[in-house]
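Asks: Below is the structure I would like to discuss, written out as structure tokens.
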Amino acid sequence: MQNLGIQVLFQGNNFLRLCGGLWQSLQIAVISMVLSIVLGMILGIVMTSPKKLVRFLCRIYLEIVRIMPQLVLLFLVYFGAAKHLNINLPGSWAAVIVFTFWGAAEMGDLVRSALQSIPVHQYQSGFGLGMTKLQVYRYVIIPQTVRRLLPSVMNLLTRMIKTTSLVVLIGVIEVVKVGKQIIDSSRYTVPDAALWVYGVIFIMYFAICYPFSRAAAMLDKKIKD
Amino acid sequence: MKKKLLGALLGVTLAAGLIAGCSAPAKENSNGAQSPSAKARTLSEIKDSGTIKIGVFSDKNPFGYVDANGKIQGYDVYYGKRLAKDLLGSEDKVEFVYVEAASRVEYLKSAKVDVILANFTVTDERKDQVDFALPYMKVALGVVSPDDKLIKDAAELNGKTLIVVKGTTAETYFSQNHPEIKLLKFDEYQEAYDALADGRGDAFSTDNTEVLAWAIQNKGFTVGIESIGNTDTIAAAVQKGNTELLDWINEDIKTLGKEQFFHKNFEETLKPVYGDEIDPENLVVEGGQV
């Protein structure tokens with residue numbers, strides 16, 4: 001067993017490159033998530049609007065995002081924008097745009113359901129104290145929804161991190177692609193490198209996503225208590 | 001509940017309309033290919049910008065791959081660097097964009113790269129989408145067999161068992177042109193190689209680049225037939241209608257032919273993988289002359 005596949009990880013700067021790829025994935029996911037949370041909060045409030053037309057438009061947006069595969073959206077923004085609008089975006093920007101478009105819709109729906117789960121008397125008491133609508137949301141409703149939201153937000157974030165493996169198709173070199181490059185460049189010298197490289201990628205994804213899911217589970221428990 | 005369903009239904013219709021609306025112009029492009037929406041850079045624009053953007057594979061050893069130090073290497077890349085040197089005066093004035101097989105055409109159509117050098121096999125279908133330059137490489141089928149019962153000619157296979165992988169050009173070629181040869185078919189490459197090693201067949205055939213590389217790694221097996229069947233060529237591609245750049249690449253490839261550039265490229269990039277016994281004439285194309 002002198003030709004153990006694990007050796008490829010220590011050749012050159014292979015391991016550092018894998019970490020670099022992971023950093024790229026994480027960057028896209030986290031930036032998109034921050035934008036999604038901000039936009040999703042606003043969208044969620046809009047979604048509870050009493051106006052039918054507004055709710056209807058929000059509903060269409062949400063359905064489009066849920067129906068369209070993320071890959072189609074990525075191609076539309078990366079290649080489509082360049083071809084039809086002459087906007088030549090770098091791959092990572094296109095990825096952030098698509099993931100935010102997706103995340104904001106999902107987040108909006110989460111915020112909407114959290115808002116609707118707040119009992120009506122909370123609103124009424126606020127208004128009864130002479131607060132404006134904005135003040136009721138700012139001081140009464142939002143703080144309560146944030147606590148209810150946290151677990152599902154963590155869930156969305158881990159989903160987003162895992163979905164970043166699609167961005168390779170628009171030329172962004174993330175962790176899975178780096179892995180494939182390493183496996184291929186040592187294809188003739190270390191034929192069983194694949195198992196080891198994918199194993200390490202698995203551990204990397206786990207190491208990143210696990211703390212988030214743990215945190216989500218703990219928060220969930222805390223809120224229940 | 002009814003309202004929600006109605007909303008969802010409307011959403012679906014609208015989304016479908018959106019998709020249809022977006023794909024319609026793309027279809028126009030492939031038909032009237034003279035007018036892609038994003039215009040490719042002309043030769044002088046590339047010169048002014050100082051770098052040429054070339055799309056290459058980053059996981060196709062030995063044609064385009066990233067080595068352990070993160071540097072891009074390979075047969076296609078070697079040629080790409082030379083293009084940059086001839087056009088802009090330095091091998092470093094090139095930006096390599098890592099592309100995937102499925103999106104190679106899109107990269108050209110959206111003008112994200114100037115040239116694609118990603119082991120692009122010339123086919124009639126692709127000629128409608130992009131313009132191919134003169135070829136710089138060719139591929140055909142190869143046949144690998146054990147050293148002690150080496151098969152050097154298709155006639156020697158008469159009545160023997162040949163292993164092929166389903167859906168490959170090797171399967172089509174042998175079943176159409178050599179019905180006298182018994183074919184043993186497998187779904188996966190690994191199974192096929194295992195069958196050859198076990199002696200379940202007398203020989204195995206697939207792309208010659210693939211069997212050549214395999215034979216180097218497996219002692220006791222040799223590629224007896226290095227080139228058989230229809231030869232496909234591999235060439236650089238530019239956006240449809242970018243004639244100026246295309247003409248320049250073609251002129252350049254003719255000049256490179258005089259100094260036997262692709263033989264040198266073969267020595268540097270392919271020989272370490274395919275070994276000494278391989279005849280470069282089976283892979284290399286000089287000056288665009290197949």
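The values are calculated or read from the model by the stated rules, or taken from the named source; none is laboratory data. Just so it is clear, the model here is predicted, and its values are computed rather than measured. Glycine also receives a Cβ, built like all others from the backbone with ideal geometry; neighbour counts cover every protein chain displayed.
Asks: Can you name every residue in region A:68-84 that is at the interface with chain B (Cβ under 9 Å from one of its Cβ atoms) and within 18 Å of A:Met160 (Cβ to Cβ)?
Replies: Listed by number, the residues that qualify are A:Met68, A:Val72, A:Tyr78.
Asks: Among the numbered criteria (1) surrounded by fewer than 18 Cβ atoms within 10 Å (Cβ to Cβ); (2) touching a residue at least 12 places away in the same chain (Cβ under 8 Å); (3) touching a helix residue (DSSP H, G or I) at 6+ places or on another chain (Cβ under 7 Å), which single criterion is violated by B:Glu91?
Replies: That leaves (2) as the condition not met.
Asks: Based on this model, can you work out whether A:Val190 counts as buried (at least 19 other Cβ atoms within 10 Å of the Cβ) and under 26 Å from the mean Cα position of the chain (by Cα)?
Replies: Criteria not met by A:Val190.
Asks: Moving on to the next point. Among the candidates B:Lys109, B:Lys93, B:Lys71, single out the residue that is basic (Lys, Arg), under 30 Å from A:Pro90 (Cα atoms), within 14 Å of chain A (Cβ to nearest Cβ) and touching a strand residue (DSSP E or B) at 6+ places or on another chain (Cβ under 8 Å).
Replies: That would be B:Lys109, the only listed residue that is basic (Lys, Arg), under 30 Å from A:Pro90 (Cα atoms), within 14 Å of chain A (Cβ to nearest Cβ) and touching a strand residue (DSSP E or B) at 6+ places or on another chain (Cβ under 8 Å).
Asks: Further question: For region A:103-124, give me each residue that is under 30 Å from A:Leu166 (Cα atoms) and without any contact (Cβ under 8 Å) to a residue 60 or more places away in the chain.
Replies: Within region A:103-124, just A:Ser113 meets the criteria.
Asks: Does B:Asp48 satisfy being away from chain A (no Cβ under 12 Å) and either in contact with a His (Cβ under 6 Å, 6 or more places away or on another chain) or buried (at least 20 other Cβ atoms within 10 Å of the Cβ) (or both)?
Replies: no
Asks: Taking region B:230-268 as the search range and keeping residues that are surrounded by fewer than 21 Cβ atoms within 10 Å (Cβ to Cβ) and touching a Gly at 6+ places or on another chain (Cβ under 6 Å), which one is nearest to B:Asp67 (Cα to Cα)?
Replies: The residue in question is B:Gly257.
Asks: OK, next. State yes or no: is B:Val273 of a type in the set (A, V, I, L, M, F, W, C) and surrounded by 21 or more Cβ atoms within 10 Å (Cβ to Cβ)?
Replies: Here the answer is no, as B:Val273 does not meet what is asked.
Asks: Kindly provide the set of residues from region A:152-177 that are in a helix (DSSP H, G or I) and facing chain B (nearest Cβ under 8 Å), ordered by number.
Replies: Within region A:152-177, A:Val168, A:Leu169, A:Ile170, A:Lys177 qualify.
Asks: Give, as residue ranges, the helices (runs of 4 or more DSSP H) completely inside region A:50-98 that count at least 1 residues that are farther than 21 Å from A:Val111 by Cβ.
Replies: Correct list: A:70-75, A:81-84.
Asks: Here is a follow-up. Condition test on A:Phe56, is it touching a residue at least 24 places away in the same chain (Cβ under 8 Å), over 24 Å from A:Pro151 (Cα atoms) and within 14 Å of chain B (Cβ to nearest Cβ)?
Replies: So A:Phe56 does not fit the description; no.
Residues are listed down the side, and each one gets a yes or a no for (1) within 27 Å of B:Leu141 (Cα to Cα); (2) at pLDDT below 90:
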{"residue": "B:Ala215", "(1), (2)": "yes, yes"}
{"residue": "B:Ile225", "(1), (2)": "yes, yes"}
{"residue": "B:Asn242", "(1), (2)": "no, no"}
{"residue": "B:Leu246", "(1), (2)": "no, no"}
{"residue": "B:Lys254", "(1), (2)": "yes, no"}
{"residue": "B:His263", "(1), (2)": "yes, no"}
{"residue": "B:Val284", "(1), (2)": "yes, yes"}
{"residue": "B:Gln289", "(1), (2)": "yes, yes"}
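Asks: Do you know which residues across region A:185-212 are in contact with a Ser or Thr (Cβ under 9 Å, 6 or more places away or on another chain) and modelled with pLDDT under 80?
Replies: Within region A:185-212, just A:Ala193 meets the criteria.
Asks: All but one of (1) of a type in the set (Gly, Ala, Ser); (2) under 24 Å from A:Leu74 (Cβ atoms); (3) touching a strand residue (DSSP E or B) at 6+ places or on another chain (Cβ under 6 Å) hold for A:Ser165, so report the exception by its number.
Replies: With respect to (1) of a type in the set (Gly, Ala, Ser); (2) under 24 Å from A:Leu74 (Cβ atoms); (3) touching a strand residue (DSSP E or B) at 6+ places or on another chain (Cβ under 6 Å), A:Ser165 is out only on (3).
Asks: If you take the residues in region A:46-67 that are of a type in the set (Val, Ile, Thr) and over 20 Å from the mean Cα position of the chain (by Cα), which one is nearest to A:Thr163 (Cα to Cα)?
Replies: Within region A:46-67, the match that is nearest to A:Thr163 (Cα to Cα) is A:Ile60.
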